[in-house]
Amino acid sequence: MASAPHRGWFSRQQQGPVLYGAGLFLLLLAIWQGVVAPRLPSRAQRVGTRIRDALWVEAGIEPFTTEGDLAQARTIFAGDSRVWSDSCLEVFDEAGLGPTALIWGGGAKVHDLLAAVSKFEPQRVVLGLSSLGLKDSEKDVGQVISRVEFPDWREVDFESRFASWRAKRVGDLQAAGHEPKEYEHPLNMLKSYLDDARLVNSFTPRGIDARLARWADDARQRRIYTLQTDSWRFAWFEPLNPRKHDGIYRNRLKGVPQSEFEANLQMALKRIRALLDRGVEVVCVRMPVDAQLLKIENRFVSPELFTSFCEAAGVIYLDHSADEGLETRDGSHLTLPSANRFSRELAVELHDAFRK
Amino acid sequence: MSFDTPTFWIFFCVVWIAWRYLPFGAAKASALFASLLFYAWWNPWFLSLIGLSAVVDFQIGKRMGEADDPSTRQRLLVATLLMNLGLLAIFKYGPFAVANASGLAELFGFEVDWELANWVIPVGISFYTFQTLSYSIDIYRGRLRPVKSFRDFFLFVSFFPQLVAGPIVRAGELLPQFESRRRILPVAVQAGFYYVISGLFLKIVIADNLASHVERVFKMSAIETLSPTEAWLGAIYFSIQIFADFAGYSGIAIGLAYLMGLRFPKNFDYPYISAGLSEFWTRWHISLSSWLRDYLYIPLGGNRHGAARMLLALMLTMLLGGLWHGPAWTFVAWGGLHGLGLVIERALRGGSSGQKGRQAPKSVGELGGRLGQMALTYVFVLVTWVFFRAESFPMATGLLERMFIEPFRGGWHFEHLQEARPLVLVGAVALLHLAQLSHEWWGLRKGAWLRATVAAAFLLLLTVVERNATPDFIYFQF
């Protein structure tokens, strides 16, 4: 007797491999999450839970990344990537310092950060201090912002679109009688383009793509340990081990004249005083760092410089650079559990500091 | 809208439901609408060009089918050639032509500054113009009857899975599939999922993660500081990146077609196991190489008019094939090198195409010889990729110098071996090639269970490996 024809997508024979494949995938994922991932270094990159944006301070200066609503924030945290990785804003919010927001930039200069903060009206500012923050920035801004904040950059035709836009912009500015050189600085051009693009992209297909992609990525990263392969040198394949890689950090500070550190501190001093004059409370914090890196930093920038800077500014200085019991993932940035612990301790200290 | 975005997959789910459950005519109309929406997602202005191309070619095809007089048919063929190639020439090669004319004028002492600013090349123009040309030429040759429905024709021209990056599907392959609804067979759905998953793996995990390593090498400011190791690694990474990117996209397109009950031709067949350039071109971008063979090489005479004519036809075909890839002399050089290689290979093989590569070697000696040929072919192709990727001739020659001459001048240094870590991605692609070789030589079965295992592994890596969007500054700033 002939068997009844099978209705549905797969015959029993074909169901086997499909079910097997799906089951195998789920099993492998479970093994990854349960067995492999806990043994790998904690990720540095947080899953974005707050509004993220790029903040342009002025032409020629690398934009900062912001988290949270700066206009509404009562406490603004400002600093370099250590401040970003080590500060859990939710912890500070719960501790009564909120609403909080964050402005940060990779190796950002302290006085530039203060210029950014000055655009807002916080009651309190927590400023992260580090040696690299006193050194002039050297990054290619276009690369930084384009890759992180604007997925638009990843579009295959971005460069030709940007080139077209740029050519037109220069032409328009020249026609209006402006000296083109000042507008040809790639940072200025990129800023204006991305400001325009951001506005346009909000309601365009690219904007939809970008938002959906970000949502999907955030949802994935919250649930699954993901590998960041881009920086192979310092990513999970070989976490930055200060005992092996401190030469790179040393090179970044070597050759920087003391006068550059001091000049940048003077500019920062002026800006802190301007904030204090407005009634803003300021506390400076030196974030935790691995002992080996701290040794290098102290060799190039004396710890007394930070102390005397804060004294001259008339602000409280909390030095956590040598805190023990905290774990960094790469010598410089705390792991998430350590960042949580550190933030809770810092929150208590900041409460006391701001009451004084 | 790119295949590797969530937007596309939401779009595809809707399209698939409409394709599967609407009456066939309405299903085709919805697929056409979806294809035009897909195209407009890049830039709505592009629609006018593809629309113009489709309308004109449809009318020309219709008239060619009705005309009995050979001279009328010939005039119509010339008209379609002029229009399609003209559109390609203007929109893709316009700025290139103007820049070269400007350079030429300056050579003769004229001070000119011609430039076509604000020029945007319509996405996919190279692909769909070749598709419509194949339609017209096949009608002219009497191999195809003109399609009656403009909707079907426009769908053939604009069908979203292959519109932007191929494969170039011939009219004779796709149009018959639009005549009646085909059952979406379970085995096709299986194949479709496999192709899609493997395509996404190649694109997202392999190609995207190699991109930054390639960019670091192919930068004019970096060339002179590269060590031979870095130069070689950069070239190798690019060879894998371009394969993974292109084969990945094609794979996804083929998979999408399967999921809709359609069949697209294979476009890549593990090209880096080729034991010769002729074989390479039967494995790399197969839809383009076969198009060039049928519509350029053979009409130019092929191998029917003696060796000299054959070699000339081969060279011309490859030069134009190079130019098709992009408006730059480096692409022409890439094509020219392949042409030269093919010419030399044919001459050495006495005119035969040497297609023994897919048969298992019969002895150890033959195995050694075959492996040697594969290595030589790969190195030759690697050298040509340098021209393909480089932005200028100085960049290409500079990199080749670091690869081939610097080791003898400055010695071979291994201090940059940490740059070799992305070789794990290269290894993954090498493994796929090895599996294919095993299949061709020793009959390793690519059954459903093996594919399911591989797909599960690909899916895991797609889930846990992030795309290369992480900026350096997350790690390099303190």
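What the table below lists for this structure:
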item	result
Residue check, residue B:51 within 26 Å of the chain's Cα centre (by Cα) and more than 14 Å from every other protein chain (Cβ to nearest Cβ)	yes
Residues within the range A:64-106 that are under 16 Å from residue A:349 (Cβ atoms) and among the hydroxyl-bearing types (Ser, Thr, Tyr), tallied	3
Any hit, the range B:175-195, residues being in contact with a Ser or Thr (Cβ under 8 Å, 6 or more places away or on another chain) and within 22 Å of residue B:427 (Cβ to Cβ)	no
Checking residue A:114 against (1) at pLDDT 90 or above; (2) within 14 Å of chain B (Cβ to nearest Cβ), the condition it does not meet	(2)
Complete set of residues in the range B:178-198 that are away from chain A (no Cβ under 14 Å) and surrounded by fewer than 19 Cβ atoms within 10 Å (Cβ to Cβ)	B:179, B:180, B:181, B:182
Residue in the range A:214-236 that is at pLDDT below 55 and more than 8 Å from chain B (Cβ to nearest Cβ) present	yes
Only one of B:458, B:473, B:414 that is within 13 Å of chain A (Cβ to nearest Cβ) and at pLDDT below 80	B:473
Tally, over the range B:46-68, of residues that are surrounded by fewer than 17 Cβ atoms within 10 Å (Cβ to Cβ) and either of a type in the set (Phe, Trp, Tyr) or under 13 Å from residue B:148 (Cβ atoms) (or both)	2
Residue that is outside any helix (DSSP H, G or I), among the hydrophobic types (A, V, I, L, M, F, W, C) and surrounded by fewer than 20 Cβ atoms within 10 Å (Cβ to Cβ), where the choices are B:312, B:382, B:300	B:300
Hits in the range B:138-153 - residues which are under 19 Å from residue B:76 (Cβ atoms) and either of a type in the set (Ser, Thr, Tyr) or surrounded by 15 or more Cβ atoms within 10 Å (Cβ to Cβ) (or both)	B:138, B:139, B:140, B:144, B:146, B:147, B:153
Among (1) farther than 20 Å from residue B:121 by Cα; (2) within 13 Å of chain A (Cβ to nearest Cβ) - the single one residue B:65 does not satisfy	(2)
Residue within the range B:3-22 that is farther than 15 Å from residue B:256 by Cβ and either among the hydrophobic types (A, V, I, L, M, F, W, C) or outside any helix (DSSP H, G or I) (or both) present	yes
Number of the condition not met by residue B:397 [criteria: (1) buried (at least 16 other Cβ atoms within 10 Å of the Cβ); (2) β-branched (Val, Ile, Thr); (3) modelled with pLDDT of 90 or more]	(1)
Among the candidates B:207, B:257, B:244, residue that is crowded, with 23+ Cβ neighbours inside 10 Å, at negative phi and either among the basic types (Lys, Arg) or without any contact (Cβ under 8 Å) to a residue 60 or more places away in the chain (or both)	B:207
Members of the range A:270-293 found to be part of a helix (DSSP H, G or I) and crowded, with 19+ Cβ neighbours inside 10 Å, listed by number	A:271, A:272, A:275, A:293
Every residue from the range A:313-329 that is of a type in the set (Val, Ile, Thr) and either surrounded by 22 or more Cβ atoms within 10 Å (Cβ to Cβ) or within 14 Å of chain B (Cβ to nearest Cβ) (or both)	A:328
Out of A:338, A:332, sole residue that is touching a Ser or Thr at 6+ places or on another chain (Cβ under 8 Å), buried (at least 18 other Cβ atoms within 10 Å of the Cβ), among the small types (Gly, Ala, Ser) and part of a loop (DSSP other than H, G, I, E, B)	A:332
Matching entry among A:146, A:85, A:160 (being modelled with pLDDT under 90, crowded, with 24+ Cβ neighbours inside 10 Å and polar (S, T, N, Q))	A:85
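Conditions (1) at positive phi; (2) hydroxyl-bearing (Ser, Thr, Tyr), marked per residue:
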{"site": "A:258", "(1), (2)": "no, no"}
{"site": "A:281", "(1), (2)": "no, no"}
{"site": "A:294", "(1), (2)": "no, no"}
{"site": "A:297", "(1), (2)": "no, no"}
{"site": "A:303", "(1), (2)": "no, no"}
{"site": "A:308", "(1), (2)": "no, yes"}
{"site": "A:312", "(1), (2)": "no, no"}
{"site": "A:331", "(1), (2)": "yes, no"}
{"site": "A:352", "(1), (2)": "no, no"}
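The values are calculated or read from the model by the stated rules, or taken from the named source; none is laboratory data. Given the structure is predicted, the values throughout are model-derived calculations rather than measurements. Reconstructed Cβ throughout: ideal geometry from the backbone, glycine too, with neighbour counts over all protein chains shown.
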